[in-house]
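Inspection log for the structure reproduced underneath, given as structure tokens.
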Amino acid sequence: MNPDVVIVGAGPAGSATAILLAERGFTVMLLDKAAFPRPKICGEYLSPEASRILDRLGVLKDVDAAGAQPLSGIRIIAPDGTRLDGAYPTAGPWRAYRDHALAVPREILDALLLERARSLPVTVAERQRVTGLLVEGDRVVGLRAEDPEGRSYEVRSRLLVGADGRGSIVARALGLLRPHRLRRMALVQHVGGLAGFDGRGEIYVDPPDYAILNPVAPDRVNLGLVVPLRHAVAFRGRMEMFFHARLKQLRHLSPRLEGMRPVGRLRVLGPLAYRVDEPRHAGVALVGDAAGVFDPFTGEGLYTALRSAELLAETAHAALRGGQVSAEALAPYWRARRRAFAAKERVTRVLQWVIARRRLATLTAHVLVRRPALLGTLMGVLGDFVPPGALLRPSLLRRNRSCPGSAGR
């Protein structure tokens, strides 16, 4: 089979791209090295605006029916114990597709998206190992792969999409991966035995670390710990010990974890952030984490994956219909990515800088306690439905001494 489009990676970005291009009438082949369903290290958080894309893809009702947990906002605990009960705003000039985010295990979300792709003219091939790209001059024309029995084969296509996540074999083969100066790692485990959730995710900031608790099922919490990469080097091979010792050092989180029991194995990922150059070859594009990761503070990378799939599908549709898949023909996608994500990335960089500094993180929490409108706008930005520029509105920056009932000590 020589499809119009071959996609490497059947996570949310890959499956969404396959769905959107198949709906436009293109033949699509979707490959992945894993067999589905499978767990995946992730914050497992879908921002309110991500629901719009899931609905567009035809899977939102299935995600709800599978037990996705609604989240009305995020509770942030500052280093001194100041509590910010952030809620997604329901009033103001911007409206979310829904008034809540979703928490859902990746083995459920990814399987539902892949099943939707299978319902369309998409050839899905699991447990396939991509071994290289087919390159002719300045053009990528397909890939080489091996099936589960080790048999080699080639697939030629008009467009190759790398949706294979961090360390993308497609990006690596083209020499596009670049390091990021933000050097953090994440340790993630599903745990049970934690009660007291009130429909919010929780973030505990205790520089240089922070931890995220995301309730993905009635007695199942995604517990993620983010630490400087250099702090974990000496514990290579002893990550369980490092994980639990580090959690105990977060003084406002440690009591919260009493009674915790693991319900999944510890997974480690790092460095979290990295950059990827724009391809110069014709016939190739990158989507989702394969196109770069900027270490989102609340773990909202799933929205970025889904939205970038929408953006790529629009550009790829025009390029394929026009018979041109040159780097120039695909460049509008990269410009659209920058417009969609650059401002949010700047906000995230500022947040990462703030939460790495104890006094500044505490001071920022105190400011947000006194300025509920600013906190609400920040929640909307993190929820992907309020433009980041809204944080600079003069009405938000004016001094406000009122203390809201939804935030305090």
Open item on the list: So, in segment 1-36, how many residues would count as being within 20 Å of Arg129 (Cβ to Cβ) and either among the β-branched types (Val, Ile, Thr) or modelled with pLDDT of 95 or more (or both)?
Closed with: 21
Open item on the list: Quick check on segment 290-344: of everything there that is among the acidic types (Asp, Glu) and crowded, with 17+ Cβ neighbours inside 10 Å, which residue is modelled with the lowest pLDDT?
Closed with: Asp295
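Mind listing just one residue for me: the one in segment 377-392 that is closer than 20 Å to Arg52 by Cβ and in a helix (DSSP H, G or I) and, of those, nearest to the chain's Cα centre (by Cα)?
Initial filter on segment 377-392 (closer than 20 Å to Arg52 by Cβ): 377, 379-388, 390.
From what is left, the residues that are in a helix (DSSP H, G or I) are 377, 379-382, 388, 390.
Details: Thr377: 21, Met379: 17, Gly380: 17, Val381: 15, Leu382: 12, Pro388: 18, Ala390: 22 Å.
Filtering segment 377-392 for residues that are closer than 20 Å to Arg52 by Cβ and in a helix (DSSP H, G or I), the one nearest to the chain's Cα centre (by Cα) comes out as Leu382.
Any residue that is in contact (Cβ under 8 Å) with a residue 60 or more places away in the chain, in contact with a Pro (Cβ under 8 Å, 6 or more places away or on another chain) and not aromatic (Phe, Trp, Tyr) - is there at least one of those in segment 16-23? Talk me through it step by step, then tell me what you get.
Of all residues in segment 16-23, those in contact (Cβ under 8 Å) with a residue 60 or more places away in the chain come to 16-23.
Filter once more, so that each one left must be in contact with a Pro (Cβ under 8 Å, 6 or more places away or on another chain): 22.
Those still in the list that are not aromatic (Phe, Trp, Tyr) too: 22.
Among the residues of segment 16-23, at least one is in contact (Cβ under 8 Å) with a residue 60 or more places away in the chain, in contact with a Pro (Cβ under 8 Å, 6 or more places away or on another chain) and not aromatic (Phe, Trp, Tyr), which makes the answer yes.
Return the total of residues in segment 170-189 being crowded, with 20+ Cβ neighbours inside 10 Å and not hydrophobic (A, V, I, L, M, F, W, C).
Our first condition is that a residue be crowded, with 20+ Cβ neighbours inside 10 Å; within segment 170-189, this holds for 170-171, 174, 176, 184, 186-189.
Pick out the ones that are also not hydrophobic (A, V, I, L, M, F, W, C) and you get 184, 189.
Residues meeting the conditions: 2.
Give Gly199, Gly165, Gly137 a once-over and let me know the one that is on the phi > 0 side of the Ramachandran plot, in the same structural domain as Ala34 (by TED's automatic domain parsing) and surrounded by fewer than 17 Cβ atoms within 10 Å (Cβ to Cβ). Talk me through it step by step, then tell me what you get.
Values: Gly199 fails: in the same structural domain as Ala34 (by TED's automatic domain parsing); Gly165 fails: surrounded by fewer than 17 Cβ atoms within 10 Å (Cβ to Cβ).
Exactly one of Gly199, Gly165, Gly137 is on the phi > 0 side of the Ramachandran plot, in the same structural domain as Ala34 (by TED's automatic domain parsing) and surrounded by fewer than 17 Cβ atoms within 10 Å (Cβ to Cβ), namely Gly137.
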- [ ] Could you list all residues from segment 309-363 that are in a helix (DSSP H, G or I) and of a type in the set (Ser, Thr, Tyr)?
- [x] Thr315, Tyr333, Thr348, Thr362
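The values are calculated or read from the model by the stated rules, or taken from the named source; none is laboratory data. It should be emphasised that the depicted structure is a prediction, and the values quoted were computed from it without experimental measurement. A quick note on method: Cβ atoms are made from the backbone with ideal geometry, for glycine too, and the neighbour counts reach across all protein chains shown.
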